[in-house]
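Beneath this line is the structure, given in structure tokens, with notes to follow.
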Amino acid sequence: MPLTFYWYPNCGTCKKAKKWLDEHEIDYTDIHIVNEPPAKDQLLDFIEKSELPAKKFFNTSGKKYRELNIKEKINDASTEEMAEILASDGMLIKRPIVTDGEKVTVGFKEETFNEKWL
């Protein structure tokens with residue numbers, strides 16, 4: 001099954017991840033995360049399957065994250081509330097997100113990609 005690769009083309013980390021996938025000849029469908037952000041339910045599914053805390057899905061270095069003071073908003077937020085905030089704007093989501101429907105990775109670390117996607 002091809003991977004689904006949520007990315008933002010101007011993102012350096014996304015470009016590295018895409019290059020890795022291409023070099024390893026891994027089949028994927030790419031989705032522009034800002035134009036087509038994952039829905040709340042999809043995000044809840046990603047959070048569960050990634051086994052990461054929901055806070056790890058936030059692009060904490062992003063301008064929008066700082067402008068909207070998200071750090072304060074998610075301090076006491078439930079996973080549901082965080083997924084709702086994330087779904088509201090693709091720029092708030094840490095990227096890339098890669099999934100095969102069973103496994104999910106967030107961001108790009110070569111060792112993680114080697115482990116999950118090879």
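The values are calculated or read from the model by the stated rules, or taken from the named source; none is laboratory data. The shown structure was predicted, so the numbers you read here are calculated from the model rather than taken from an experiment. Ideal geometry is used to build each Cβ from the backbone, glycine not excepted, and the neighbour counts take in all protein chains shown. To get the accessible areas, we keep the full protein, side chains included, count just its heavy atoms, and leave off ligands, DNA and RNA. Shrake-Rupley method; radii C 1.70, N 1.55, O 1.52, S 1.80 Å.
Some observations on this one:
- Residue check for Thr112: in a helix (DSSP H, G or I) and closer than 20 Å to Met1 by Cα: yes
- Single residue of Thr99, Thr29, Thr4, Thr112 found to be free of Cβ contacts under 8 Å to residues at least 12 places away in the same chain and in contact with a strand residue (DSSP E or B) (Cβ under 7 Å, 6 or more places away or on another chain): Thr112
- Test for Glu36: is it part of a loop (DSSP other than H, G, I, E, B) and at positive phi: no
- Selection from segment 100-118 of residues that are surrounded by 14 or more Cβ atoms within 10 Å (Cβ to Cβ), of a type outside the set (Gly, Ala, Ser), over 13 Å from Pro53 (Cα atoms) and touching a Lys or Arg at 6+ places or on another chain (Cβ under 7 Å): Lys103, Phe108, Lys116
- Positions within segment 40-70 being open to solvent by 100 Å² or more (accessible area, probe 1.4 Å) and more than 23 Å from Asn10 (Cβ to Cβ), in sequence order: Asp41, Glu48, Glu51
- Tallying residues that are under 16 Å from the mean Cα position of the chain (by Cα) and assigned to a helix (DSSP H, G or I) within segment 13-31 yields 7.
- Residues that are more than 17 Å from Ala87 (Cβ to Cβ), among the small types (Gly, Ala, Ser) and surrounded by fewer than 19 Cβ atoms within 10 Å (Cβ to Cβ) within segment 7-39 comprise just one, Gly12.
- Residues in segment 71-99 that are more than 15 Å from Ser61 (Cβ to Cβ) and either hydroxyl-bearing (Ser, Thr, Tyr) or open to solvent by 90 Å² or more (accessible area, probe 1.4 Å) (or both): Glu72, Lys73, Asp76, Ser78, Thr79, Glu80, Glu81, Glu84, Ser88, Thr99.
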